[in-house]
Amino acid sequence: MPSIQKCEEAEYIGVAYANANEWFGGKAADQSIIESEAKKAESFKENYGGKVFSSYTDLIASDEIDAVYLPLPPALHYRWAKKALDCKKHIFLEKPSTTSASDTKELIEIAKKNELAVHENYMFIFHKQLDEIKELTNRIGDIRLYRAAFGFPQRAKNDFRYNKALGGGALLDCGGYTIKLATELLGESARVVYSQLNKTDVFDVDIYGSAALVNDDGVTAQVSFGMDNSYKCELEIWGSKGSITANRIFTAPTGFEPTAEVKTADGTETVKLSADDTFRKSIEHFCKCVNDAKERESNYIKIIKQAELVDKVKGE
């Protein structure tokens, strides 16, 4: 919300909470849950203004709304994004776009037909540090290998990330970040050549995993991820004359100055990188897609590429 408020191209209208039918799908409703959601929405209004819509459907159908931000658990993205696109609304989706490449492609086809923007919010990709790290690779010779890791300790057991029905799993959560970064580094020819997803006895979703991607030049990116791991959020680039390590590659908050460690034969140097506001830049990119057909088309291709690579890591 602070980033939306900074963005001149976007105006916040309101927030919605699910009604009993949307939440429970016709099953017996627990009214206390709906009341709790309504209180959350009212609190949101107190903090940020706007209005409260008492159902997702009302928000999506509103003539006041041009675009919808959809931060629901992954398994709900397809259903509500499709409804919004059918109502001629642009869609700003939290990652992953959906839980399958086929569903993502269907959404993109609807968006193309209606000349609508779809944006998948891998906001880290807009951080200045990525370009600055790429510049630093001039100091380490030819690239031999990329390694990216993103993982965190186990959260509460009722977290949606551990719920298969809600689209849980390490791949769809933190794994998607590492795949997106690998594509950014390897280019459009990036493809999956190995993957492994691992479960535990506690949850019916993948808890950790790894994969290797390679491009047409033979450069490899090894990625690893997990949501019952010690914390990692790093990129390592191994070159013929040195290496670079960055340890806030996915999660640098607004205003934070990340660093990169550059090791060569001359020694080790810690390089200060730029602070940035990735949420604001992601929103601005979405607005650009709304207003520019070429930008929309380019974004469609990137979203489908990401969905296909994730499916490939799943073995599909």
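Select from the stretch 232-277 the residues that are out of contact with any Ser or Thr (no Cβ under 7 Å at 6 or more places or on another chain), of a type in the set (S, T, N, Q) and closer than 20 Å to Tyr146 by Cβ and list them in ascending order.
Residues satisfying the conditions are Ser240, Ser243, Thr245, Asn247, Thr251, Thr264, Thr268.
For Leu76, only one of the following conditions fails: (1) more than 23 Å from Asn229 (Cβ to Cβ); (2) touching a Gly at 6+ places or on another chain (Cβ under 6 Å); (3) of a type outside the set (Ser, Thr, Tyr). What is its number?
(2)
Residues are listed down the side, and each one gets a yes or a no for (1) assigned to a loop (DSSP other than H, G, I, E, B); (2) out of contact with any strand residue (DSSP E or B) (no Cβ under 7 Å at 6 or more places or on another chain); (3) surrounded by fewer than 16 Cβ atoms within 10 Å (Cβ to Cβ); (4) outside the structural domain of Ala165 (by TED's automatic domain parsing):
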residue	(1), (2), (3), (4)
Glu8	yes, yes, yes, yes
Glu11	yes, yes, yes, yes
Glu22	no, yes, no, yes
Ala28	yes, yes, yes, yes
Ser32	no, yes, yes, yes
Ala38	no, yes, yes, yes
Ala41	no, no, no, yes
Phe44	no, no, no, yes
Val52	no, no, no, yes
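Condition check ((1) surrounded by 22 or more Cβ atoms within 10 Å (Cβ to Cβ); (2) at pLDDT below 95; (3) farther than 19 Å from Lys95 by Cβ) across all residues:
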site: Gly168; (1), (2), (3): yes, no, no
site: Tyr194; (1), (2), (3): no, no, yes
site: Ile207; (1), (2), (3): yes, no, no
site: Leu213; (1), (2), (3): yes, no, no
site: Ala246; (1), (2), (3): yes, no, yes
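Go through (1) surrounded by fewer than 16 Cβ atoms within 10 Å (Cβ to Cβ); (2) under 22 Å from the mean Cα position of the chain (by Cα); (3) aliphatic (A, V, I, L, M); (4) in the same structural domain as Phe152 (by TED's automatic domain parsing) for Leu235 and report which single condition fails.
(1)
Could you grab me the full set of residues in the stretch 66-121 that are free of Cβ contacts under 8 Å to residues at least 12 places away in the same chain and assigned to a strand (DSSP E or B)?
Listed by number, the list is empty, since nothing qualifies.
Filter the stretch 72-106 down to the residues that are surrounded by fewer than 22 Cβ atoms within 10 Å (Cβ to Cβ) and either aromatic (Phe, Trp, Tyr) or at pLDDT below 95 (or both) and list them by number.
Within the stretch 72-106, Tyr78, Trp80 meet the criteria.
Go through the stretch 151-205 residue by residue and tally those that are over 13 Å from Pro74 (Cβ atoms) and of a type outside the set (Asp, Glu).
Qualifying residue count, the stretch 151-205: 32.
Quick check on this structure: which one of Ala81, Ala75, Ala41 is of a type in the set (A, V, I, L, M, F, W, C) and closer than 25 Å to Glu284 by Cβ? Outline the logic, then answer.
Values: Ala75 fails: closer than 25 Å to Glu284 by Cβ; Ala41 fails: closer than 25 Å to Glu284 by Cβ.
Every option except Ala81 fails the conditions.
The values are calculated or read from the model by the stated rules, or taken from the named source; none is laboratory data. In this text the structure is predicted, and so the values were computed from the model without any measurement. Backbone-built Cβ (ideal geometry, glycine too); neighbour counts: all protein chains shown.
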